[in-house]
Structures are given as structure tokens and as C-alpha cells.
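The values are calculated or read from the model by the stated rules, or taken from the named source; none is laboratory data. As the structure is a prediction and not an experimental result, all values here were calculated from the model. Neighbour counts are summed over all protein chains in view; Cβ atoms, including those assigned to glycine, are modelled from backbone coordinates with ideal geometry. Side chains are part of the model used for accessible areas, which takes the heavy atoms of the whole protein and leaves out ligands, DNA and RNA. Shrake-Rupley method; radii C 1.70, N 1.55, O 1.52, S 1.80 Å.
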Amino acid sequence: MDMIPQNYYTEAAEYIRSKMPHTAKIAIILGSGLGELGEKIEERTIIPYTEIPHFASSTAIGHKGNFIIGKLGGKWVIAMQGRFHFYEGYPMEIVTFPVRVMKLLGVEILFVSNAAGGINPNFHVGDLMMIRDHINQMPNPLIGPNNDDFGVRFPDMSKAYDRELMAAAEAIAQKEGIELKKGVYVGLTGPSYETPAEYRFYQLGGGDAIGMSTVPEVIVARHAGIRVFGISVITNEGWHFDGNYTNDAQEVIDAANAAGERMATLFLGLIAHIE
Ligand code: HPA
């Protein structure tokens, strides 16, 4: 939905660059469960989104958010602590604004993480699922005039998730003794959780996990040629279609946090692998 003037992106990037002690090739969106990894960032500079030009609208709903720039596993990274969700009422161009700013800052690889409901009956609470593909059920963030400065009108999505990084992650998981499931992430707007019929619908449609984020950022990143690697923490089991099952947001958060250490190990392994 590119109605955002180009100078908004460049001014935001310019401001962040002025505070960055070093450039970063790797960006991380710290979703539910990855807060732990954020704590491991050293020599950190914290930039609240509220300070950044044109990020101002993010304060409207009082969403917590910072960029953390620093060293992780010996490499410079730029991490987002807090992301924008479509269900909060932000337009897609705001949801994905930070990804384009990252691109202008020189980011080449984006790690994304999220909490998701498992719809594959082999998935259980606490499992890690490497996202091997997605099904987009949200408005496409690229609707509107194409922004040629970032990418082409009809970007390819046949390899949205980087195969080389996936192979590396599988090797790291094996070496570290971390069980890593693999699957298709279905991105929905939320905020209501799915009905049993909807969980079943998306299961039959080829999904393995369902969530309310990530897909817009991935589409915009791929449009701009950024390589993507994604992990979901399975925080609830949506495949119990018997009606004896309810979703609770606090349980989702607790399950995501419990997986934090394993997610951090995987991401650190990948960071070490890059270059
Ligand atoms: N559905 C959608 N989003 C989610 C879920 C779910 O079951 N769990 C965590 N995020």
C-alpha cells in the first residue's frame, strides 16, 4: 500500500543510522518467545520507535517498541523489540515500515519469530517450527502503487524462506539436540482466535501453524531482496477439534517464553554460520 513518501523511509533510516555505532547485515524481529535473545545483545544502543521520524503513529495505541542495535554472537545486529500487528489497527504500510527502513540501513538477512497455534496434529505446545512456507490470509502489504525503489511489481514468492539458512538451521538443531519441526505458517489478521471449523479448514488447506503476524514483514522483505528465516513457537494446539479446548492469551505467552532458550540457541547458531 505504498502511499508512504520515500523521504519517510529515508529520514527514519537516516536517524537510526546516526545512532548506530556500526552497520548491521542481520536484522531480527523479536516476536513472542524471543525476548530472551534480545537480552543477549551486547554493546547495545536502544532507540525507542517514538524517537524515530515517521514512526510516530506507533504511539497511538501505546505499543511498546524499541530497536536494539548491538553485537550478538560477535556480529552486529539490529533487533526489533516489539512489532506492529495489523489487528492493532495499523495499516499494512505501517506494519511493514520498519522492514523497509532496515533495507535502507543495509540489512541483508531478516530473522523473524512468532507464537503460533499448531494445526498439525503432530505439533505440541512448546515445539519449535521452522517456517518453510506461508499461506497469506491477510491483505497483501504490497497492494497499491509499486515502490520501485524497493522491488518489482510482482515479486516471486517461490522461495520466500531461504533454503540455505533452513538447511543450516536443521544442522544446528541436530548438533544442539533441539527438536525442530518444519511447516507452513498461515497468517491471519486476528485478533480473535480461530473457531474449530477454521482450524480444520486451514489444516485441510495445507497449514501447520496459524498466527497473526510475520507474513506481511516477510512479503515486504522478499520484495526488497532480503533473505528471510523464520521460526514459530507452537503455543497452543488448535487441532483439538472436539470442542474441549479453549485459547488463552496468557497461556500462549507463557508457552512462547518457555521456548525462548531453544530459539535463542538456534538463532545464535545461525548468526555464527552467516558469512
Ligand atoms: N491462532 C492465531 N494466532 C495465534 C494462535 C492461534 O491459535 N496462537 C498464537 N498466535
Contact list, first residue from the stretch 32-45 and without any contact (Cβ under 8 Å) to a residue 60 or more places away in the chain and closer than 20 Å to Ala255 by Cα, second anywhere and of a type in the set (Val, Ile, Thr) and buried (at least 21 other Cβ atoms within 10 Å of the Cβ), beta-carbon distance below 9 Å, six or more apart or interchain, is Gly38/Ile28
Can you name every residue in the stretch 220-235 that is buried (at least 24 other Cβ atoms within 10 Å of the Cβ) and either in a helix (DSSP H, G or I) or of a type in the set (S, T, N, Q) (or both)?
-> Val220, Ala221, His223, Ser232, Thr235
Out of all the residues in the stretch 89-125, which are more than 16 Å from the ligand (Cβ to nearest atom) and of a type in the set (A, V, I, L, M, F, W, C)?
-> Met92, Ile94, Phe97, Val99, Val101, Met102, Leu104, Leu105, Val107, Ile109, Leu110, Phe111
Matching residues in the stretch 182-205 - criterion: being away from the ligand (no atom under 12 Å from the Cβ), touching a strand residue (DSSP E or B) at 6+ places or on another chain (Cβ under 6 Å) and within 13 Å of Ile119 (Cβ to Cβ) | Gly183, Val184
Tally of residues being of a type outside the set (A, V, I, L, M), at pLDDT below 90 and under 18 Å from the mean Cα position of the chain (by Cα) across the stretch 245-275 | 3
Scan the stretch 1-57 residue by residue and report those that are part of a loop (DSSP other than H, G, I, E, B), within 16 Å of the ligand (Cβ to nearest atom) and open to solvent by less than 20 Å² (accessible area, probe 1.4 Å).
-> Gly31, Gly33, Leu34
Confirm whether Lys175 is of a type in the set (Lys, Arg), within 29 Å of Leu270 (Cα to Cα) and touching a Leu at 6+ places or on another chain (Cβ under 9 Å).
-> no
Cβ pairs under 8 Å, 6+ apart, first in the stretch 74-87 and closer than 14 Å to Glu217 by Cα, second of a type in the set (Lys, Arg) = Gly82/Lys64
